[in-house]
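Colleague: Starting off with a structure, shown below.
The values are calculated or read from the model by the stated rules, or taken from the named source; none is laboratory data. Everything numeric here is computed off the predicted structure, so don't read it as measured data. For neighbour counting, all protein chains shown are included, and Cβ atoms are generated from backbone atoms with ideal geometry for every residue, glycine included.
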Amino acid sequence: MSIDKKMRIGILGDGGWGTALAILLVKKGYAVGLWGVFPAYLEVLEKKRENIKFLPGIRIPSAVEIIKDAKEIIENSSIIVVAVPSKYLRETLKKFTAFDFCNKIILSVVKGMEINSYLRPSEVIQDVLGKVKIGVLSGPSIAREVAQGIPTAVVIAAREIQLARKLQRIFSTENFRVYTHSDVIGVELGGALKNIIALACGISDGLGFGTNTKSALLNRGLLEIIRLGVTLGAQPETFWGLSGLGDLVTTCFSPYSRNRRVGEEIGKGKKITAILKKMEMIAEGVFTVRAAYALAKKYKIEMPITEQVYKVLYENKSPSGAVKELMTRKLKPEFS
């Protein structure tokens, strides 16, 4: 696969995922710039060549250019990868409203939803930056494993399938296989909603439950994701793919999953405020569950696991009480 040496890729977001993609792309031969909100931390990245907060122990190649100037990262890049936590997405994008994105391609790798508006990341990007060419990437992709070159498969979705195919060619490597899809809604919602179920699975781990419990949560949680996703306009089959079931399994079982780990701490009796205070990284599910719970109420969708996770996080319900309520609900057929 030939590399366009003139193509420069700019990454907005110096967290683990942004850093991992920068490493992947520069190893493939592209010119890559990495930008972050905090200039002082960019100095650390440039000096140490290691993302000590978000990806410790992984060397950042010298070919990855650390960019402090917002204007430079946009004007000199053909493709802009947005890797900012959904909680800070709108605020961060406002720094770029003065720049021209007409001839740029944007790829969102953000997994979450905006809390108050319930917008997906691609919708937030277009709301702030206007009508831009945009694709979304999701799937079972722990940043550390991608940076280490461990075989990984993901999906890129765009409404224009030619755009998805172009991005597929750019991002695919022998260890990073990219599939294409046209269901932007489903791919984004799969990546966002799975974090809620990972919180539930983490709570199960913290309570000392076994594989039976976690597998039941994963399966019934997937049904909740499909119910809400289809209501919001997604294709049901999308959730059986990489951005749905694939990402769900990884996030619920991986020791590197932030959301599962937060849930585990809650299951052990810790409070969410105390847990988040000690975290450098964002556990997207903590915020996404608020949007999902509100949407379930709005559309009258049955999402019992989501509801219980919300009540544990935001209404001080005990994890054991949430489990009891789930297990003693009215008996029913499996697919009703």
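Colleague: Looking at Ile282, Ile305, Ile301, can you tell me which residue is outside any helix (DSSP H, G or I), touching a helix residue (DSSP H, G or I) at 6+ places or on another chain (Cβ under 7 Å) and at pLDDT 95 or above?
Modeller: It is Ile301.
Colleague: Scan the range 179-195 and give yes if some residue there is among the aromatic types (Phe, Trp, Tyr) and closer than 25 Å to Ile23 by Cα, otherwise no.
Modeller: Yes.
Colleague: Moving on to the next point. Taking the stated definitions as given, is Ala40 out of contact with any Cys (no Cβ under 9 Å at 6 or more places or on another chain), assigned to a helix (DSSP H, G or I) and surrounded by fewer than 17 Cβ atoms within 10 Å (Cβ to Cβ)?
Modeller: Yes: the conditions hold for Ala40.
Colleague: Answer yes or no as to whether Leu34 is in contact with a strand residue (DSSP E or B) (Cβ under 9 Å, 6 or more places away or on another chain) and either on the phi > 0 side of the Ramachandran plot or assigned to a helix (DSSP H, G or I) (or both).
Modeller: It is false that Leu34 is in contact with a strand residue (DSSP E or B) (Cβ under 9 Å, 6 or more places away or on another chain) and either on the phi > 0 side of the Ramachandran plot or assigned to a helix (DSSP H, G or I) (or both).
Colleague: If you don't mind, another one. What is the number of the single condition among (1) under 30 Å from Lys317 (Cβ atoms); (2) surrounded by fewer than 22 Cβ atoms within 10 Å (Cβ to Cβ); (3) in contact (Cβ under 8 Å) with a residue 12 or more places away in the chain that Gly210 does not meet?
Modeller: Answer for Gly210: the failing condition is (3).
Colleague: Is there any pair with a first residue in the range 251-275 that is farther than 15 Å from Ser204 by Cβ and a second that is buried (at least 23 other Cβ atoms within 10 Å of the Cβ) whose Cβ atoms are under 6 Å apart and which are 6 or more apart or on different chains, and what are they?
Modeller: Short answer, once both residue conditions are applied: Arg258/Ala283; Ile272/Leu313; Ile275/Val262.
Colleague: Inside the range 293-313, can you point out the residues that are under 22 Å from the mean Cα position of the chain (by Cα) and without any contact (Cβ under 8 Å) to a residue 60 or more places away in the chain?
Modeller: Correct list: Tyr293, Glu307, Tyr310.
Colleague: Can you run down the residue pairs with Cβ atoms below 6 Å, 6 or more apart or on separate chains, where the first is in the range 133-158 and in a loop (DSSP other than H, G, I, E, B) and modelled with pLDDT of 95 or more and the partner is among the charged types (D, E, K, R) and buried (at least 23 other Cβ atoms within 10 Å of the Cβ)?
Modeller: If the second residue must be among the charged types (D, E, K, R) and buried (at least 23 other Cβ atoms within 10 Å of the Cβ), the pairs left are Gly139/Asp247; Pro140/Asp247.
Colleague: From the list Leu129, Leu207, Leu137, Leu199, which residue is in the same structural domain as Pro319 (by TED's automatic domain parsing) and either of a type in the set (Asp, Glu) or within 22 Å of Ser86 (Cβ to Cβ) (or both)?
Modeller: When all the criteria are applied, what remains is Leu199.
Colleague: Here's a follow-up. Would you confirm whether or not the range 20-34 contains a residue that is surrounded by fewer than 20 Cβ atoms within 10 Å (Cβ to Cβ) and farther than 21 Å from Arg169 by Cβ?
Modeller: Checking the range 20-34: not a single residue is surrounded by fewer than 20 Cβ atoms within 10 Å (Cβ to Cβ) and farther than 21 Å from Arg169 by Cβ.
Colleague: Next up: Kindly indicate whether Ala157 is in the same structural domain as Val323 (by TED's automatic domain parsing) and crowded, with 22+ Cβ neighbours inside 10 Å.
Modeller: no
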